[in-house]
1. Return yes when residue B:94 is surrounded by 15 or more Cβ atoms within 10 Å (Cβ to Cβ), of a type outside the set (A, V, I, L, M) and either more than 11 Å from every other protein chain (Cβ to nearest Cβ) or not in a helix (DSSP H, G or I) (or both) and no when it is not.
2. Please go through the stretch A:283-330 and pick out each residue that is aliphatic (A, V, I, L, M) and more than 8 Å from chain B (Cβ to nearest Cβ).
3. Can you name every residue in the stretch A:222-273 that is within 13 Å of another protein chain (Cβ to nearest Cβ), in a loop (DSSP other than H, G, I, E, B), hydrophobic (A, V, I, L, M, F, W, C) and more than 30 Å from residue B:300 (Cα to Cα)?
4. Would you pick out the residues in the stretch B:269-300 that are of a type in the set (Val, Ile, Thr) and closer than 20 Å to residue B:312 by Cα?
5. Is the stretch B:213-224 home to any residue that is out of contact with any helix residue (DSSP H, G or I) (no Cβ under 9 Å at 6 or more places or on another chain) and farther than 28 Å from residue B:95 by Cα?
6. Mind checking which pairs have a first residue in the stretch B:323-346 that is assigned by TED's automatic domain parsing to the domain that holds residue B:357 and farther than 18 Å from residue B:28 by Cβ and a second that is outside any helix (DSSP H, G or I) and aliphatic (A, V, I, L, M), Cβ under 6 Å, 6 or more apart or different chains?
7. For the stretch B:105-129: of the residues being in contact (Cβ under 8 Å) with a residue 40 or more places away in the chain and under 29 Å from the mean Cα position of the chain (by Cα), which is nearest to residue B:173 (Cα to Cα)?
8. Suppose we filter the stretch B:172-211 for residues that are β-branched (Val, Ile, Thr) and part of a strand (DSSP E or B); how many remain?
Amino acid sequence: MKKANLVSGFRSGLVFGIVLVFLFLIGFLETGAGLLSKFFGDPVPTNTLPKLGYVILFLALMAIWSGSGSSKKINPDRFSELVLPVLVNGGVLGLMTALMALIFGNYVKAGVDVRNYLVAVSPASIKMLMLNLTEPVQAALALFALMTVATFLGALLHFVWNRHLSEKVKRTVSSKIESVGQSKMMSLTSHPAARYIALAGALALFFFLPRMWGSYWNYVLGTVGIYILLGIGLNLITGWTGQLVIGYVSFFGIGAYTFSLLTAPEPHAIMMNFWLALLIAVAVSALVGFLIGLPILNLRGDYLAIVTLGFAEIVRILLKSDLLTSFTGGPRGIRDIGGPTLFGADFSSDVNFIYLIFVMVILIAFVANRLQRSRTGRAWEAIREDQTVAKATGINTFSSKLLALTLSAAVAGLAGVLFASRNQFTGPEDHILLVSINVICLMIVGGVGNIPGIIIGALALKGLPELLREVSNFRMLTFGALLVMMMLIRPDGFLPARRPRMKRPMVEDPQEKAEEGA
Amino acid sequence: MKKLNKKALRVLLVIGKYARWTVGIALALFLTWRIYQVLFVQQAFTADTWLRFALSGLILGGMYALIAIGYTLVYGIMFMINFAHGEVMMIGAFCCYFVFEALRFIPAPIAGNPDLVFLNAYPILSILIAFLVGMTVSGFSGYFLEKIAYRPLRHAPRLILLITAIGASIFLQNAAMLLFGPQRKNIVNPDILTRTAGWTIQVAGKPVLISYTGAFSLILSALLMIGLYFLVQKTKLGRSMRAVAQDQDSAALMGVDVNKVVSQTFIISGILAGASGVMWGIHMGLVNHITGSLPGIKAFTAAVLGGVGNIPGAMLGGITLGVIESMGPALFGIDFQLKDVIAFLTLIIVLIIRPSGILGEKLTEEKL
Amino acid sequence: MIKKFFVVALVLMMVLSACAAPEAKAEVPEVCGTDSFGCAVFSKEDPIKVGYAGPLAGDYAAYGQDQVNAMLLAIKDAGDILGWTIEMVAEDDGASAEGGAAVANKMVSDPLFVAIAGPAFSGDSAAAIPIFEKAGIPMMSPSATNPELTAKDSKVFNRNAFTDVDQAVAASAYLFDTAGVRKIAVLHDGGDYGQGIANGVSANFTAAGGEVVAFEAITAGEADYSAVLAAVASNSPEAIYYGGYNAEASVLVNQMKQAGLENVIFFAGDGIYGTDFLTKAGENGEGALCTTMVPPASEARIKFDEAFVAAYGVEPGTITAYTWGSYDALAVLLHVIEQVAIVSGDTLYIPRGALVDAVRNVEDFQGVAGTISCQSNGECNASGPIIYNVKDGDWVVVD
């Protein structure tokens, strides 16, 4: 038992040590300390390093986290059981940090610049790691002491919290929430009038907010709205019908480009009316989806995924190719794309556009919702669950799938139109594979197969990177890590689809159980 | 209205069924005509140019093949597109870079030459070290990738695994960028493997260079693939891998440790990716954080082209794709910019005409 | 309960934001009343925010990070403006129009934001121009080269980058007249910049009476172009012109010999200038030519180079060819901000409309990469293209 505790302490130290080394090597120590500094109302000016105190605080916080983690894992009755494992934990963490300082400190002392190989490790940041001490040995000892003590502190804090406070706090909070939730909220929401009031409130909010919060939020929300459309569209074929489409961006691009070519002054100067061009663009996207599906959809498995992936690349390359430059504008893209008009008046201000996007989202969500409950929707779901059985019950699986793909391509085309028209610019770089990957991700992060889930997913995935702009360089890194963690913690998404499911099997899966045990 | 709908659908169905053949035959006719035009009527290129195309295609194809095997192994067992596989290859390429850089700093004054460094004094040993390090690190990356990101989701729907893989791929790419910087690094080979050196042969009166690095990577990838084929077909590990690929539950009942086999599959696929990464480094000479992403997509395409889950299929698919990429534009007389268009079109057409890939796939229906 | 709270809080916030009238400040400069965009107001604590938008992650990350590095030095050199500190706001726009517009919208929503040295590419610039136009924020892009950008009567958009046209004229004139070449092959990387400059060279060279025997695009980001080079070689050109950046150019140069293009001149645009091409191409790069605006060894440039090495451990031009231009873009903006800014009591006022006009009227600003004088359309690069070639492993001006 004791040995297991030591091992888990060691492991916690090792993991956090690796993370800390990694964070230092990518230059996050500076950014992290800078964020802390900003948090305490002391923003760091450009070109300067955060103050020593915040660096220490950042390191200490890591160690405290590590210590509390191993305390949580071991969960002892008495603190004395915890002392040794935590010392091991802190020791390992401290040793790794100290070693890093020692190595890089000596490099600096010898005048070697390691930035040729590790770009973020500048002499200034090494000095920061060494807590502004000049001798590497001193710095190593100081870091070792700091990390060990902080780890110990973390474990102590967690132990005290866990033993003496958490129960009390949890109990009071949960009892309060329960009483409030059950008595008032339930009666409120169940009343029909309340629902209409809520609806009216939401509509009013949608109407007034875009006028108040400025163009940046309109822009971000507009992007979110366009991605909601994409998510709903992809959900038709992937979420409900169960056919994976990786190259969904191709339909998006075709919609955007058809619309742009019809409404922009260059390269063709057709300058068509917004609504007519919108209809044509949606129809073209749908047609392309139909034509792609025709030969592929009666094949099985992931082939649709791969074919659409290839198709998306083909579309992107063709759009920017020399061959079609005179037709599509080539890599320069298309500028001055037409905006919407309403009864002859210009309707393209950012506030009006966000209304347009809202309306489209509500419209498409409504249609999709009706479709799901219709015969077609049930046929799709049957195909997703089991194609053979679906076929046996008389569903024409091929034409159902074809319909789903066509509709889904049409929705993507609509999203493309809105996207191009709002930005007044579109180019090949707007239609890279990353867009479709983002759409797949938002669909799954929110919860496959339901529309509120998609909305949440779009908010999280297109809104989050906007929030993460604070940490600009580390934005995509954080995004990737969050994606993995999200899938590990909540694989069904934020809002899992609620659909009638078969009852759980009477006997539990032995393998699953065994894994849980291990 | 309803009846009309049904009728229309039926017509569509018929079109869909015959579309395959119509598309196939029309394309075959067009291609034959086009190739005849280019080869015999226009005669745009002489024999030496064709040989150059073929050589560069073969070398590229060999590397695609090696990466494609990694995809196919994992896809065969977990039915999952391991999007992070290209990034594992990138890790291998970085290993090659760092090993060569390190060895360039170790002096080895032998035979009275004081300026000689380890890399040039013991070139074969250096390359061996690079491969050893690259394959080990990539193997470990594959192992940890599976253990941390995929294993907890073994029984989750495939889409979820796909997202996890995408997340891991984004993470690894950006981690490499933040660690080593965004610009491409130059890999300096040992002197005997300088990229411009090679055998020169005379074709149609012009010299054609077969570079040592190209020949080296082609031979090596062939050897690795043969080795892997035997591993999968002849050893106990290979047998349990095939068993798990066919049916996880039955394999478990027969006493196969599924977790272990999946782990080992990821290690093997990582090792192969590492080897191809080191080869990529030695032949192409450049590495940065996006080195793995494009070859990754291509290799996956190659795996599907040859037949998913089928190791000889992955080899054939890789070579085919490489050759199509380098010869296709010349053969069809179009811009070289469109080589990927040709590659992906080939994939689509092959899938339409022969849905299970060139050599057929080795999967069971149950996987669906 | 929680919902209610939320609604109440929201309403309160709205009311507060509507009621919070600006405090009456003593001695507001007269300009602020008349200026078309009003003034940006900085109290003693506020930093003056200037920005950059470009790719900081993804395939083109090298460009963004290099440009930001150079710009940080410009801020360091400027120190402060009349006692106010300068803050750099570098945002990742992923080199796409979508990102360009998002970043622009974010920047204009910050009342302390006054000027942007970017965006980096033409696509994101095109999407960002209308947004900055509305807010009265002057732009100075060091690397957006699309000629159309300045042809749209934008008040705020300026650039100290070359347009593709200038370089194309210089390059084709050199190839035809000086080098006496009659048959060239033109390659580009399929991007906005590369295609534009390649088209220009091709048109000019044909107009001069030469022949373009091959015009091909390569796929950027690859490491093997032997197939396309073999195809080009079969047309036996005397020179190759390449429109694109150093990463692909060095690969091309390295593989030309194997493809049977031994004694062919290699000429490219300013995208390949810098140490990166030299280290990656090595001996194969000897004799390669390029056009650039960077002066050979002005005092300012030597000083900048030293500062850059000290700060980042690599020579400028190692990562991209736009290091010097990026420094200048921000330096000139800071210079102009200092000119128009007005201190009144404890407050600094920057009249936005005046700033926009002042940037457009810059004359003879001496940067590290040449002279900056803005024309009425926003083209600010006053130093003509200089032709360099690689001699003994270094870029040397061709005489």
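The values are calculated or read from the model by the stated rules, or taken from the named source; none is laboratory data. Computed from a predicted structure; not experimentally measured. Positions of Cβ are generated from backbone atoms using ideal geometry, with glycine treated the same way; all protein chains shown enter the neighbour counts.
1. Values: surrounded by 15 or more Cβ atoms within 10 Å (Cβ to Cβ): yes; of a type outside the set (A, V, I, L, M): yes; either more than 11 Å from every other protein chain (Cβ to nearest Cβ) or not in a helix (DSSP H, G or I) (or both): no.
So residue B:94 fails the test.
2. Of everything in the stretch A:283-330, those that are aliphatic (A, V, I, L, M) and more than 8 Å from chain B (Cβ to nearest Cβ) turn out to be A:283, A:284, A:286, A:287, A:288, A:291, A:292, A:304, A:312, A:315, A:319, A:324.
3. A:264
4. Result: B:271, B:297.
5. no
6. B:335/A:323; B:337/C:217
7. Step one: filter the stretch B:105-129 for residues in contact (Cβ under 8 Å) with a residue 40 or more places away in the chain, giving B:119-120, B:123, B:126-127.
So of that shortlist, the ones also under 29 Å from the mean Cα position of the chain (by Cα) come out as B:119, B:123, B:126-127.
On the way: B:119: 28, B:123: 30, B:126: 27, B:127: 25 Å.
Once the filter is applied, the top-ranked residue is B:127.
8. If we filter the stretch B:172-211 for residues that are β-branched (Val, Ile, Thr), which is where we start, we get B:187-188, B:192, B:194, B:196, B:200-201, B:203, B:208, B:210.
If we keep only those that are part of a strand (DSSP E or B) as well, we get B:200-201, B:203, B:208, B:210.
Number satisfying all stated conditions: 5.
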